[in-house]
Every structure is written in structure tokens, then in C-alpha cells.
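Worksheet: one structure, shown below.
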Amino acid sequence: MKMFSNRGLALASGAVLAALPAMAQAQAYQCRVPASVSIPDIRADEKPRRVPTTGYTLALSWSPEFCKGRETSQRDGMQCSGRNGRFGLVVHGLWPEGRSTWPQWCPTARRPSPAEARKNLCMMPSTYLVAHEWAKHGACMTRRPETYYKVTRILWDSLTFPDFDRLSREEGLDAGTLRSAFAPRQWPSVEAGACRTEAQPARLAAGSAALLRA
């Protein structure tokens, strides 16, 4: 799904606070955050890459697909076990983009605190994901993890979603149906054809992703 440029980020930060986010409420009522969490160590699996940022991608993943076969995974316990709630679309990450590649693994000694991770677990229901996205992508955008998650939350809270429970009962449900239901709820002028739903094996661990990209 192609939306949000650098300018879009600035506009979002000033405008979305005026409306109560429907999707955030829909996720939060069933999200039970653990009383305490630990932050895993994240090691880079590729070399650092610094390139000029030309846009941003807010990547959303479809949790039911990701969680197939991961229900007993310790690392994915919050997202997939069902003990902390059932999740639909969740934030995979906010990614800076370049012209032909993307910046990644910019060196930093900073990492999210347990308190900061807990604040974001209903949006990104995995401490591994919270830590990984900061280390790989967020550190190339801003100096502080708190700022990275704040911007991500602003964009996430600006989205409104269709009735996924109703849609899930439709015969022949496919990505095109979801795309057509999703796009007009963000901006009335955005047509479904301007959005893209795809899987990106090179950049996602698993599952489908809705990409809101410049």
C-alpha cells in the first residue's frame, strides 16, 4: 500500500491526535501486556548501510498468518499463544527507504527500555520485534528509540480499519477484497489500486504485509 512520504510523517504527527483511533481500540481491548518484560540482545545479520532517506514504509503484518505453527514458540509467545490476546494486523516496523535500497543497522549503543517496550506491545506484540526494528531500522532514523516508537505509534493510531470479523466470513476472501475495504478508510481520495498487499520474504520473517510507502 503506497502512502506516507517524509511530508506525510509531518502531517500525520499534527493531525491524527484529533481523532480517537478505532483500530487501536479494537486491538487494545484484547491485549494483555505482561507485568514485566526483558529486552533480548539483537545482533546484526548484515553489514551496516547508510544511504540518504527518501521516504518511509510503515509495514503491517497479518498476525494469524504469522502465528501458524508458532503457537508454542517462546519468542513469539505474546503474539501467538493466545494468552495475551488475539491479534489481527500489527506493526512490523517503520522503515526508512532509499532510492534503490534502504539504510540499516546504523551503529548505536542505545536500546529500548523494558518500560518503553511494554508501552508498544499492543502495537508490536513481541519484545524481539520491538528491539529488532529499532536496531535495524529506527537507529537510522533518530537518535532515541523513544522517538522512533512515538512516530510509529502516531502513524499506527492514524489508521482506521474495516470490520475484519465480518470480512473473514466472506466467501472467496482474498488480498484484493481486503485492499478495497482498507484503502478508502485512510484517505477518501486513495483508490484501492494505489495500495499494495504483498509478502516480502527478504524483509519479513513471515506472513503478509500491508505496506504504507512513499
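May I ask for the net charge around Ile39, where only other residues with Cβ less than 10 Å from the Cβ of Ile39 are counted and Lys, Arg are +1 while Asp, Glu are -1?
Taking every Cβ under 10 Å from that of Ile39, the sum is -1.
Whole-Hz Karplus ³J(HN,Hα) for the range 84-95, in order, using 6.51 cos²θ - 1.76 cosθ + 1.60 and θ = phi - 60°, x for Gly and Pro?
10, x, 10, 10, x, 6, 10, 7, 7, x, 10, 10
Check Glu97: other-chain or 5+ apart residues with amide H under 5 Å from its amide H, H built from backbone geometry?
Here Thr54, Gly55, Tyr56, Thr57 satisfy the definition.
Which aspartates and glutamates, on any chain, are close to Lys68 with Cα under 20 Å apart, when same-chain ones fewer than 8 places away are left out?
Leaving aside aspartates and glutamates fewer than 8 places away in the same chain, those within reach of Lys68 are Asp76, Asp165, Asp174, Glu198.
Taking K and R as +1 and D and E as -1, what net charge do the other residues with C-beta under 12 Å from the C-beta of Asp76 add up to?
Value of the local net charge: +3.
With 10 angstrom as the radius, rank Lys150, Lys47 by how many other C-beta atoms surround their C-beta, starting from the fewest.
The order, fewest Cβ neighbours first, is Lys47, Lys150.
Excluding Lys119 itself, what net charge comes from residues whose Cβ is under 15 Å from its Cβ, given Lys and Arg +1 and Asp and Glu -1?
Overall, the nearby charge balance is +2.
Laboratory data are not the source of any read-out in this text; all were calculated from the coordinates shown. The shown structure was predicted, so the numbers you read here are calculated from the model rather than taken from an experiment. Methodologically, a virtual Cβ is constructed for each residue, glycine included, from the backbone with ideal geometry; neighbour enumeration extends over all protein chains shown.
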